[in-house]
Amino acid sequence: LFSAPAAASAPAAVRLRSRSKMVTRPDVVSAAMAPNSASSSSSFRMPAGAASGSGASSSSSSSPRHFTSRSVSLRGGSVAARVSNSGLPASSSGGNNNNDNKGDDKKFSTPYSFLGLSTAEFPDGWKAPGARVAYTDSAPDLALMAWFMRKIAMAIDVPMPKNISYDEFIALCFLQMKGRDPDGQRDITLGIMRSLMPPGGDKVFRALFPTNKFSLELNGKITETVFAWMVGPMEVQSTVENDLGEEMFSRVHIQKCRWLQESGCTGMCVNMCKTATQDFFCNDFGLPLTIKPNFEDKSCDFYFGLTPPPIEMDEALTFGCTSTCSTAVNADVAGKPCHKLRKYEGPPIAAAGAGAK
């Protein structure tokens, strides 16, 4: 879905910066990074604290309301399940990746994304709300990041950041929110997604991927790799949460969402990721998708084949700001929804903490 554009006019050398190191690689990032004007190279700064990770979000006293199922992942390009002899979930990335501790809270490192070239380092106690995963971005992931950043900058009419990093990506996302209501924030993301398709691409997708087990499992497997540059390591798991009522590998589990970790923003998660992506798959592609973020531990699940409720009735609208968000209001206060969310119009639910789901 997020393929890199042609690199015919790529600069001879581009400065690539990840959270853990800075390198210079020639001819590695696509033409998406090439500035269109002199203003494109202007210095760009993210909002203070938006992605610095300073301060841990407080956990809620209420129990998380979040669906879980036994984790069984897929390997390679196969849509068939592969389960280890021990009964534990097999690694979704394959190979010796030192991630035998994924099922508990112990530290581990794992390769992920295209060809396993990016790396995520999970610390001890990584499931805790304030725990932070460290990422090393590969050249292909930085190229995709640059391309997507350029799409956002063009859509909201701001200069393209001079440096390509995840911090700068998050800063652009905060600018996308500025001065826009939830629909406006969603529409920018929707427009970017639609720009990725060739003319008539939605009709071709509907013809190739009707709502059946094969289509749902295949889209889950594609998401596991193609979307990883943005949210971090994922694995495909078995679930019966779908409109067909069948057990299948159509649940994509994000162990700790990088976007939510770095932004800390409930509104950004719901308006620009959850709502936009659900609308895109359900309305443009005709493939049901429900996204269930967990604002307490920052995990998330994509359920392909499960029709979401109307966004006004979605429980995600009841959750509040967290202390790690630079634009937070009433951070971590129970019963105070994030001020960037639309009003919840669903049935009464038990009071939720600011970070729990």
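Distance between the 7 Å Cα→Cβ label points at Glu312 and Glu345: 0.0 nm. For Arg342, the amide hydrogen comes within under 5 Å of no other amide hydrogen, counting only partners 5 or more places away or on other chains and with H modelled in the peptide plane.
Report relative contact order for region 117-197 in percent, whole number only (criteria: Cα-Cα under 8 Å, sequence separation at least 6). The value is 22 percent. Beyond 29 Å in Cα-Cα separation lie the following of the pairs Lys127/Lys213; Lys151/Lys274; Lys178/Lys274; Lys151/Lys292: Lys127/Lys213.
Using the Cβ of Asp202 as centre and a radius below 14 Å, the other residues enclosed give a net charge of +1, where K and R count +1 and D and E count -1. Using 0.36 nm per residue and subtracting the Cα-Cα separation, the extra length available between Ser109 and Asp243 on full extension is 44.7 nm. Residues with beta-carbon under 9 Å from that of Tyr303, excluding Tyr303: net charge, scoring Lys, Arg +1 and Asp, Glu -1? Charge balance in the 9 Å sphere: 0. Determine the sum of side-chain charges near Phe114: Lys and Arg each +1, Asp and Glu each -1, restricted to other residues whose C-beta is under 13 angstrom from that of Phe114. Local charge sum for Phe114: -3.
Packing, as the average of other Cβ atoms within 10 Å across residues, places the peptides 264-277, 237-250 in the order 264-277, 237-250, highest first.
In summary, the aspartates and glutamates within cross-link reach of Lys343, defined as a Cα separation below 14 angstrom excluding same-chain residues under 8 places away, comprise Asp181, Asp183, Glu312, Asp314, Glu315.
Only the coordinates and a few stated rules stand behind these numbers; no lab work does. All values derive from a computational prediction rather than experimental measurement. With ideal geometry, Cβ positions are generated from the backbone for all residues, glycine too; neighbour counts draw on all protein chains shown.
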